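The values are calculated or read from the model by the stated rules, or taken from the named source; none is laboratory data. Treat the numbers as computed from the prediction; the structure is a model and nothing was measured. All Cβ positions, even for glycine, are placed from backbone atoms using ideal geometry, and neighbour counts span all protein chains on display. We work out accessible area using only protein heavy atoms, side chains counted, and drop any ligands, DNA or RNA first. Shrake-Rupley method; radii C 1.70, N 1.55, O 1.52, S 1.80 Å.
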Amino acid sequence: MENKQTNEVEEVSFLDLFLVLVRYRNLIIIGTILSIIFSICVFYIKPKLCSKASIPQNSVQKISLSYDVKVQDFPFQVQNRIIDTSKKNYITVTEIASKSFNKVSIFAEANKVVPLFVDKDDSNYNNKIKDVMDNDYKAFISETSGVITVKLSLPKEKETLAGQFIDSLVTLVDKDIKNYFFPMLDMYETSVKQFIEQANSRKDNSTFAQNERLIYTIETSFRQNLKSFVHVSAEPFSTLIESSDNSVFVYSKKKIIFTVAAGFIFFVIIAFIVNGINNVKSNENQKKLVSEAWNFGKWRIKNKNK
């Protein structure tokens, strides 16, 4: 019985709230539309007009450069020795390379070598680097196996520095790959050397021992001849883009959404306040309660001042 009464009270309360929204729907809808117009004017149209008025047209041009970076993997036999391929989530050299190209720390270090996007002495350096990586930089494994596509968007006048920046980035990524895999390679070399020495002392010429000697030879040859796990395979593909129209919207999109949501909530609250005021005006008991509360507040303020 009590549950039934509680459910009825909840249903009535929800209905009352819903009726307030319906009753003041015009206020909420018009207020939200005004919020949309205001936010678009402030965060989209105004920045566009200001940028066009203050910046020469040729200075807002940007160039998009797309580089194909080839990844050198381990020989198949060596990979099976240092990587546990039986695990579902084992990581290859290409996957480590892709993650390294997207590391903020590595990108920031490359930019310090060749300051392409942000001055290295900028007080807000790390935040600006993150902003660049969110908007003007992208690295991903392409459909072609073993190739990572790196895309840069930068001012056209800095195009000549882009190649130097990519070279420094590739160097740092290669170092990161080696730091990850070379300790595994060292462990493998230590263990296989011990095995080969023991096999040689026993004059073991079994198929397994000969196979281990062969793989060790392949591994040492690979390591000696390896210059870099990653290298740029060709000249970049370039296209001219306009930065002003697109970038303003990218930076302002979140602000527009937030402002519209805030405007909607604000006018919903206004609707409930107006509804409450109207209810108080039509009910003498509620009028009396509000008056007493108001007088009590005034009395507390007077006593505080004393």
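Annotation note: of GLN72, GLN57, the sole residue that is among the polar types (S, T, N, Q) and modelled with pLDDT of 85 or more is GLN72. When segment 250-306 is filtered for residues that are at pLDDT below 80, over 21 Å from PHE43 (Cα atoms), open to solvent by less than 70 Å² (accessible area, probe 1.4 Å) and small (Gly, Ala, Ser), the ones remaining, listed by number, are GLY276, SER291, ALA293, GLY297. Within segment 133-162, the residues that satisfy the criterion of being of a type in the set (Val, Ile, Thr) and either open to solvent by 60 Å² or more (accessible area, probe 1.4 Å) or more than 29 Å from THR92 (Cβ to Cβ) (or both) are ILE141, THR144, THR160.
Any residue at all in segment 74-95 that's open to solvent by less than 70 Å² (accessible area, probe 1.4 Å), touching a Lys or Arg at 6+ places or on another chain (Cβ under 7 Å) and not in a helix (DSSP H, G or I)? For segment 74-95, residues open to solvent by less than 70 Å² (accessible area, probe 1.4 Å), touching a Lys or Arg at 6+ places or on another chain (Cβ under 7 Å) and not in a helix (DSSP H, G or I): absent. Report whether or not TYR180 is within 35 Å of the chain's Cα centre (by Cα), surrounded by 13 or more Cβ atoms within 10 Å (Cβ to Cβ) and part of a helix (DSSP H, G or I). Yes; evaluated as a whole, the condition is true for this residue. Between THR92, THR160, the distinction of being among the hydroxyl-bearing types (Ser, Thr, Tyr), more than 19 Å from the chain's Cα centre (by Cα) and within 21 Å of GLU235 (Cβ to Cβ) belongs to THR160 only. So how many residues does segment 99-132 have that are part of a helix (DSSP H, G or I), surrounded by fewer than 18 Cβ atoms within 10 Å (Cβ to Cβ) and either touching a helix residue (DSSP H, G or I) at 6+ places or on another chain (Cβ under 6 Å) or of a type outside the set (Phe, Trp, Tyr) (or both)? The qualifying residues number 11.
One line per residue, one yes/no per condition, for (1) without any contact (Cβ under 8 Å) to a residue 60 or more places away in the chain; (2) open to solvent by less than 50 Å² (accessible area, probe 1.4 Å); (3) touching a strand residue (DSSP E or B) at 6+ places or on another chain (Cβ under 7 Å); (4) of a type in the set (S, T, N, Q):
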{"residue": "VAL173", "(1), (2), (3), (4)": "no, yes, yes, no"}
{"residue": "ASP176", "(1), (2), (3), (4)": "no, yes, no, no"}
{"residue": "LEU185", "(1), (2), (3), (4)": "no, yes, no, no"}
{"residue": "GLU189", "(1), (2), (3), (4)": "yes, yes, no, no"}
{"residue": "LYS193", "(1), (2), (3), (4)": "yes, no, no, no"}
{"residue": "GLU212", "(1), (2), (3), (4)": "yes, yes, no, no"}
{"residue": "ASN225", "(1), (2), (3), (4)": "yes, no, no, yes"}
